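Following: one structure in structure tokens, then a few remarks.
The values are calculated or read from the model by the stated rules, or taken from the named source; none is laboratory data. What you are looking at is a predicted structure, and each value in this text was computed from that prediction instead of being measured. A quick note on method: Cβ atoms are made from the backbone with ideal geometry, for glycine too, and the neighbour counts reach across all protein chains shown.
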Amino acid sequence: MKRLLLLLIAPLLFPAAASAGVNEAPPIVICVSKTANEVVRSPQNSGKCLSGATEDFAVWKRSTAEALEHITFLAEGPNHEPTIEVTNVNVIIKGGTGLGNVSIGTEDEPTGSDSLLVGAHNSSSGFGDAVFGESSKATASSAFVFGGNTNKATKPEAVVLGGYANTAAAEESVICGGEHRETTTLLQNLC
């Protein structure tokens, strides 16, 4: 896990190495703890690691260079936040905090936290949302849109299952397909 984390954050920690060619990259020293679940650190001003850590970074150097071919750092991504773009590889994310959004698709806009967007032109602004489809949005926490086009879930725990231009506008409500349907009362079920 430490190695995967380093591969993902290396461009942030070492921007000069990320922008230089693989053969031109300066040597990098990382202090890796000999104890499990410890933080990876940079060396002291002397260039040496604290006791209990090793400078065993040689194994990671090649892997890091290979990983950097798939990683692009965007200083200003969605919501004007720094973004890491990963292309043509599988990614496993364990334990997200803070922004924690995952977007798979084209021009999705996650501005909330810990949300999943899949498709094209989707957006979310709550916490723990999931939006699948096209031009759809979730604007409240734990709101879900699964498929369809131009659907909205605007209240907590509201759900839209496919269809076109549907709006789940009541808490804990659900819409199953159709067109231009809207929930307006708590626990309303349009399935």
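For LYS94, indicate whether it is modelled with pLDDT under 80, surrounded by fewer than 17 Cβ atoms within 10 Å (Cβ to Cβ) and assigned to a loop (DSSP other than H, G, I, E, B). Judged against the criteria, LYS94 is a match.
In this structure, GLY128 does satisfy being closer than 27 Å to LEU74 by Cβ and either outside the structural domain of THR72 (by TED's automatic domain parsing) or surrounded by 17 or more Cβ atoms within 10 Å (Cβ to Cβ) (or both).
Filtered by the rule that a residue be in contact with a Lys or Arg (Cβ under 8 Å, 6 or more places away or on another chain) and basic (Lys, Arg), region 109-165 gives LYS137, LYS152. Does PHE132 satisfy the criteria of being under 17 Å from the mean Cα position of the chain (by Cα) and under 23 Å from LEU187 (Cα atoms)? Yes: the conditions hold for PHE132.
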